[in-house]
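The values are calculated or read from the model by the stated rules, or taken from the named source; none is laboratory data. In this text the structure is predicted, and so the values were computed from the model without any measurement. Neighbour counts are summed over all protein chains in view; Cβ atoms, including those assigned to glycine, are modelled from backbone coordinates with ideal geometry. Areas reflect the complete protein model, heavy atoms only, side chains present, ligands, DNA and RNA absent. Shrake-Rupley method; radii C 1.70, N 1.55, O 1.52, S 1.80 Å.
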Amino acid sequence: MTTGFAASPPRARRPLPWITAAAVLVSALALVPLAFIIWIAIQTGWATTWALVVRPRVGELLVNTALLVLLTVPVCAVLSIALAWLTERTDLPGARLWSLLAVAPLAIPAFVHSYAWVTMLPGFHGLPAGVLISVIAYFPFLYLPVAASLRRLDPALEDAAASLGLGPAHVFLRVVLPQLRLAVCGGSLLVGLHLLAEYGLFVFVRFDTFTTAIVDQFQSTFNGPAATMLAGVLVACCLALLAFEMLVRGEERYARVGSGAARLRPPSRLGRMTLPALGLPLLVALLSLGVPLVVIARWLAAGGIAVWRIDEIGLALGQTLFLALAGGLLATVAGIPIAWLSIRAPSKLQRVLEGLNYTVGALPGVVVALALVTITVTVMLPLYQTLVTILIAYALMFLPRAIISLRASIAQAPIELERAAAGLGRPPMRALWATTIRLSAPGAAAGMALAALGITNELTATQMLAPNGTRTLALAFWAYSGEIDYAAAAPYAAIMVVLSLPLTFLLYAQSKRMAGR
């Protein structure tokens, strides 16, 4: 059997014109928020803009944001790799259950995690609180791709390394870990983007970041230029994060080509380490699931039947479902051409297009919303506060989730299948549909679920762009929690968790299916 990974990246193929055109069109929409920031800077004037950027407050926010990312992302990566190894490569008792519980925290919105911890420990604030809650809320974004990659790895390379005298630790570091690079980089980028754009989580723990400062500026002082310049610094942070991810990711090939299928590796025996190994997934489950679920249950019991306002809850549930499904589908369809170019035809243009979308994904919803408000009011007034505008905002904000899932899935679909289909006389579009698109369907479903999860929990853009009368579950929860009426907010938190569970299970099932299990 011929197996292995190419030592050098495959030669990039010539991109299909219609795919390039579609990617350019999607990325052109991503320019709207960035152009809005530049336009405000020009209107404000160079001297005022410089003064707003170099003030001490910006330095303080930059330190806070940098510390948050530098502490949270590595912890998420180490935790996710450890959990994935235990659940996928060892004889850990109940591995399937622990694997599902490692994904389940995605069903709980980040601001609900924060709400639970703060109501349980009122004095839990600042950077330690922000890092801990961010880790338990966001590590599944890394666990999912890492676990899926571990399932697909052919153990022949590990056996060959072991036959050369390498011990288990060296085999993992020199053979397994490099093959997880794409999954770790993609997941880490997703976590980093969430940290840059998150608002509700850090408001609860009273930890200032660029996003909380931007929203505060708009809501309290209505100081548009000051807030927009903060958004400009946030864009620079995103570009730095994106450049670092591209540098680490590289362009190596990750698809396996050869006769037959990769055999399954027998699980490693934990032996005496079984009980200590069980401690890690148990602790993670208690912190990420036990705390929020117990707190929600406590507030539901305290509020009793009176907090279940069926008419309000039913309206919020219906609107949330529709917006999440429609926005998730739009983001996934829009992400296909960009993800395909990223894997099949990488180039300077592709990197620019991909970078534009990742940058917008890091912007807080209020900045994207203000940009779209400005455009619609100025030149497209009939679209102001319509369904079209809010769906475009969702697609721009959550496109990175769809792209990362699609990119990992397309990377594992051999390009030779596309070439073989084209060689048999199929037109380029049909060849692409019959091979790569079908093989990447699990990644598309996972990306749609991730985008829908984000839309379910979105706050600021929905407040500004949604048509009059819109009241999603997240908006209702935020309104009641802002009034310190935690009992009234609890039903909405509980329903968001229940609503997100099927999407979370879909992510888990699709990650299994991607490995043929």
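Under 1.5 on a/c is rounded, so check that first for the stretch 330-412, then, if it is not, pick prolate when a/b is larger than b/c and oblate when it is not; a ≥ b ≥ c are the square roots of the alpha carbon gyration tensor eigenvalues.
Prolate, since a/c reaches 1.5 and a/b exceeds b/c.
At 7 Å along the Cα-to-beta-carbon direction for both A82 and F505, put a label point, then send me their distance in nm to one decimal.
3.0 nm
Work out the FRET efficiency for A240 and L381 from their Cβ-Cβ distance, taking R0 = 56 Å, and round it to the nearest 0.05.
Taking R0 as 56 Å, the efficiency between A240 and L381 is 0.90.
Quick one: which residues, 5 or more positions from T90 or on another chain, have an amide H under 5 Å from its amide H? H modelled 1.01 Å from N in the peptide plane, none for Pro or chain starts.
S268
Expressed as a whole percentage, what fraction of the accessible surface of the stretch 177-246 belongs to carbon and sulfur atoms when a 1.4 Å probe is rolled over the protein heavy atoms?
Carbon with sulfur: 66 percent of the solvent-accessible area.
May I ask you to give the percent of accessible area on the stretch 301-345 that is carbon plus sulfur, with a probe radius of 1.4 Å?
About 78 percent, which is the carbon plus sulfur part of the accessible surface.
What full-extension length gain, to one decimal in nm, is calculated for V54 and T90 as 0.36 nm per residue of separation minus the Cα-Cα distance?
Difference between extended and current length: 7.8 nm.
Pulled fully out, how much extra length does the chain show between L275 and D216, if you take 0.36 nm times their separation in residues and subtract their Cα-Cα distance?
Working: separation 59, 0.36 × 59 = 21.24 nm, distance 4.74 nm.
So the chain would gain 16.5 nm between L275 and D216.
Rounded to the nearest percent, how much of the accessible area of the stretch 18-119 (1.4 Å probe, protein heavy atoms only) is carbon and sulfur? Before the final figure, lay out the partial values.
Values: 3470 of 4320 Å².
In the stretch 18-119, the share of accessible area belonging to carbon and sulfur is 80 percent.
Place the peptides 273-282, 392-401 in order of packing, highest mean first, counting for every residue the other Cβ atoms within 10 Å and averaging per peptide. All intermediate terms of the calculation are to be shown ahead of the outcome.
On the way: 273-282: 13.7, 392-401: 27.0.
Result, highest mean first: 392-401, 273-282.
May I ask you to give the solvent-accessible area per residue for the stretch 6-154, in square angstrom, as obtained with a 1.4 angstrom probe?
Details: 6270 Å² over 149 residues.
Result: 42 Å² of accessible area for each residue.
Along its three principal axes, how long is the stretch 273-425 when you only count alpha carbons? Whole Å, largest extent first please.
65, 62, 30
Compare the peptides 42-55, 73-86 by average per-residue count of other Cβ atoms within 10 angstrom and give them in order, highest first.
Per-residue Cβ counts within 10 Å, averaged per peptide and sorted highest first, yield 73-86, 42-55.
Using 1/(1 + (r/R0)^6) with R0 = 25 angstrom and r between the beta carbons of R309 and L127, what's the FRET efficiency to the nearest 0.05?
0.10
Using only the heavy atoms of the protein chains and a 1.4 Å probe, how would W98, W117 rank by accessible area, largest first? Numbers along the way, then the final one.
Values: W98 45, W117 15 Å².
Ranking W98, W117 by accessible area, largest first, yields W98, W117.
Return the sequence-ordered ³J(HN,Hα) values of the stretch 285-296 in whole Hz as given by the Karplus equation 6.51 cos²θ - 1.76 cosθ + 1.60 applied to θ = phi - 60°, using x for Gly and Pro.
5, 5, 6, 8, 10, x, 4, x, 5, 5, 5, 4
Which order do E483, E312 take by accessible area at a 1.4 Å probe, largest first?
E483, E312
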